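A.B. asks: This is the structure I want to talk about, given as structure tokens.
Here, each number is a calculation from the coordinates, and none is a lab measurement. Being a predicted model, the structure only gives us computed values, none of them experimental. Here the Cβ positions follow ideal geometry from the backbone for every residue, glycine too, while neighbour counts run over all protein chains shown.
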Amino acid sequence: MVLLSIQNSTLAIAAALTGIGLVALALWLAGLISPRSFNPQKGEAYECGIPTRGESMAQFKVGYYLFAILFLMFDVECVFLFPWAVRVKALGGAGLISIAVFFIILVLGLVYAWRKGALEWK
Amino acid sequence: MFDFSLFTNWIHSFLSSFMPEWLTITTECVLIGVALLLTYALLALFYIYFERKVCAAFQCRLGPNRVGPMGLLQSFADMFKMLIKELISLNHTDKFLFALAPYLVILASMLAFAVLPWGNGLQIIDFNIGIFFLIAVSSIGVLGILLAGWSSNNKFTLIGALRSGAQMVSYELSIGLSVLTMVVFAGSMSVGDIVNAQDNLWFIFSGHIPAIIAFIIYLIAGTAETNRGPFDLPEAESELTAGYHTEYSGIHFGFFYLAEYLNLFIVSGVATLLFFGGWMPLHFPGWDGFNAIMNYIPGVVWFIGKAIVISFIIIWFKWTFPRLRIDQMLALEWKYLLPINLFNLVLMVLIVVYGIHL
């Protein structure tokens, strides 16, 4: 099924280099043909007409980080499920029971977060 | 069905007849890179035109119709316009991260793009963990978006980037779990194997009820993942001007634009691959005559056709539902989609292990 008799990892590197090449090529081309002009107002941050007040790279609402942590937890657990998912049929009932323990702990984690109110946007 | 590997093997034997092995591999990688680049750019341009025409049709407008026949050259004109715009350098940005962000966004979509199966033997990367690799690389895009918003040193971009980060990260979980459901059914993570397993019947038909639920969840999560439709609050134009790419100008903005449309294609392509048989023609067990006729249509046409139909549905969402608020968006994912998805996974496992038919 492989396109050519080349290692997959080589092809992945080739694809990554293609992506980087696309950006670099387009930036180079744009640098050649796009105009340049200087104006002190141009370098300011985009606003509704008045200068920006205060710091923009400031501390931010903690709710976003809470969801990031929840995601991290569930995604890592999801990654653990993938290898089992491939062999589900071969492992059969015994594999099912052992994964059920893991799965119930995962669901309990979600229930705990829900009860604690971590899923509410405040 | 025509096996494209006949052609690629011929190229390989032709090149290796007069070249040492390392040079053959380098030449082939360059050829693949050029093909990838051309497909990527042409598909993105087509998608921009396609979306504008579809949106126009939904709003009873004509859409682009001046440049070229039926406005077909409009997106080429747009591309050249972006190339000749000035790249403004701002005073207070983090210069390095500001320049790095477009690279990450394009890199993520290009790597995911290379995994898609285009036809029989026409697939670039076929890892045995293919679909997992696809999920892994497409999450690099979130990093690019967060960096873009943070490094611009602007309040609009910061809010847009954080919203986008929270949204993409949350819905990635749903994508991962619905993919997991289909991996349980297919028994393989390799893209080629998943497509071959749908030779008789596509998974949406053979996968019982859980496959249909997984498809609906995948469609919702995919729409959110591409920051489109009712989930476009990261770039809600009435409140945040353009979200995380407000400060980018010229071709810098073009990269985000390009990646956004390509991500739409990738999401539809993965839906095609998991539920609608990838490049596999429409086959029904027992209908031999019908199957034989369907085999005459090439795999590439099937793949792109199915992907475009799914993209059309995603664009349709945009004009059907009003934009969600951030608390509604997060509640939809964590309180509805995630529990349904976990339950759906259990159903699918029971079907696969015990052969229960729903």
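A.B. asks: Between B:Ile326 and B:Asp199, what's the calculated FRET efficiency when r is the beta-carbon distance and R0 is 56 Å? Round to 0.05.
C.D. replies: Efficiency for this residue pair is about 0.80.
A.B. asks: What three numbers, in Å, describe the spread of the alpha carbons of the range B:85-354 along their principal axes, ordered from the longest?
C.D. replies: 67, 38, 33
A.B. asks: Given H placed on each backbone N at 1.01 Å, which residues far from B:Leu122 in sequence or on other chains put an amide H within less than 5 Å of it?
C.D. replies: Those qualifying (amide H under 5 Å, at least 5 residues apart or on another chain) are B:Phe4.
A.B. asks: Lys and Arg at +1, Asp and Glu at -1: add these up for the other residues within a Cβ distance under 13 Å of B:Leu87 and post the number.
C.D. replies: Net of charged neighbours comes to +2.
A.B. asks: For the modelled label position 7 Å from the Cα of A:Asp75 along Cα-to-Cβ, which residues of the range B:122-142 have backbone nitrogen atoms closer than 16 Å?
C.D. replies: Residues B:132-142 qualify, since their backbone N sits under 16 Å from the label point.
A.B. asks: Within the range B:301-339, report the trypsin sites (Lys or Arg not before Pro) that DSSP leaves as loop and that have at most 16 other Cβ atoms within 10 Å.
C.D. replies: B:Arg323, B:Arg325
A.B. asks: So, one more: Apply the Karplus parameterisation 6.51 cos²θ - 1.76 cosθ + 1.60, with θ equal to phi minus 60°, to every residue of the range A:80-91 and state each ³J(HN,Hα) to the nearest whole Hz, in sequence, with x for glycine and proline.
C.D. replies: 5, 6, 4, x, 5, 4, 5, 9, 3, 5, 5, 6
A.B. asks: What residues have an amide H closer than 5 Å to that of B:Ser249, excluding those fewer than 5 places away on the same chain, when H is modeled at 1.01 Å from N in the peptide plane?
C.D. replies: Amide H to amide H, under 5 Å and 5 or more residues apart or across chains, B:Ser249 pairs with B:Ile88.
A.B. asks: Would you mind pulling out the separation of the Cα centroids of the range A:42-72 and the range B:30-46, in Å?
C.D. replies: Their Cα centres are 35 Å away from one another.
A.B. asks: All other residues with a Cβ under 14 Å from the Cβ of B:Leu62 taken together, and with Lys, Arg as +1 and Asp, Glu as -1, what is their net charge?
C.D. replies: +4
A.B. asks: Okay, next question. Hydropathy first: keep DSSP H helices in chain B averaging at least 1.0 on Kyte-Doolittle, then drop any whose Cα extent along the axis falls short of 30 Å, and list what survives.
C.D. replies: B:21-58, B:95-115, B:155-186, B:250-275
A.B. asks: Against the empirical 2.2 N^0.38 Å scaling, what ratio does the C-alpha Rg of the protein assembly as shown come to?
C.D. replies: After normalising by residue count via 2.2 N^0.38 Å, the value is 1.01.
A.B. asks: Mind checking which lysines have their Cα closer than 23 Å to the Cα of B:Lys53? Skip sequence neighbours fewer than 8 apart in that chain.
C.D. replies: B:Lys81, B:Lys306, B:Lys318
A.B. asks: Per the helix-only calculation at 222 nm, which mean residue ellipticity applies to chain A, given -39500 (n - 2.57) for every DSSP H run of n ≥ 4 and division by its residues, nearest 500 deg cm²/dmol?
C.D. replies: So the helix-based figure for chain A works out to -23000 deg cm²/dmol.
A.B. asks: Calculate the mean, over all residues of peptide B:33-42, of how many other protein chain Cβ atoms lie within 10 angstrom of the residue's Cβ.
C.D. replies: Shielding by partners across B:33-42 averages 3.
A.B. asks: Ok, one more. The range A:8-115: D in µm²/s via Stokes-Einstein (Kirkwood Rh, Cα pairs, 25 °C, 0.890 mPa s)?
C.D. replies: The Stokes-Einstein estimate is 119 µm²/s.
A.B. asks: By counting other Cβ atoms within 10 Å of each Cβ, how are B:Glu260, A:Glu47, B:Glu225 ranked from fewest to most?
C.D. replies: Lowest to highest Cβ neighbour count: A:Glu47, B:Glu260, B:Glu225.
A.B. asks: Using Cα positions and a limit of under 19 Å, work out the aspartates and glutamates in reach of A:Lys122, with same-chain residues fewer than 8 apart set aside.
C.D. replies: The reachable aspartates and glutamates, counting only those whose Cα sits under 19 Å from A:Lys122, are B:Asp327, B:Glu333.
A.B. asks: Under 18 Å from the 7 Å Cα→Cβ point of B:Ile313, by amide nitrogen: which residues of the range B:330-358?
C.D. replies: In the range B:330-358, the label zone of B:Ile313 (backbone N under 18 Å from the point 7 Å along Cα→Cβ) covers B:337, B:341.
A.B. asks: To continue, here is another question. Just flag the chymotrypsin sites (Phe, Trp or Tyr not before Pro) in the range B:14-93 sitting in loop per DSSP whose Cβ has no more than 10 other Cβ atoms within 10 Å.
C.D. replies: B:Phe18
A.B. asks: Taking the Cβ of each residue in B:Glu239, B:Glu28 as the centre, tally the other Cβ atoms inside 10 Å and list the residues starting with the fewest.
C.D. replies: Taking fewest neighbouring Cβ atoms as first place, the list is B:Glu239, B:Glu28.
A.B. asks: For B:His252, B:His245, B:His92, which order do you get if you count the other beta carbons within 10 Å of each Cβ and list the fewest first?
C.D. replies: Neighbour counts put them in this order, fewest first: B:His92, B:His252, B:His245.
A.B. asks: Please identify every one of the chymotrypsin sites (Phe, Trp or Tyr not before Pro) in the range B:158-249 that sits in a loop by DSSP and has no more than 11 other beta carbons within 10 Å of its own beta carbon.
C.D. replies: none
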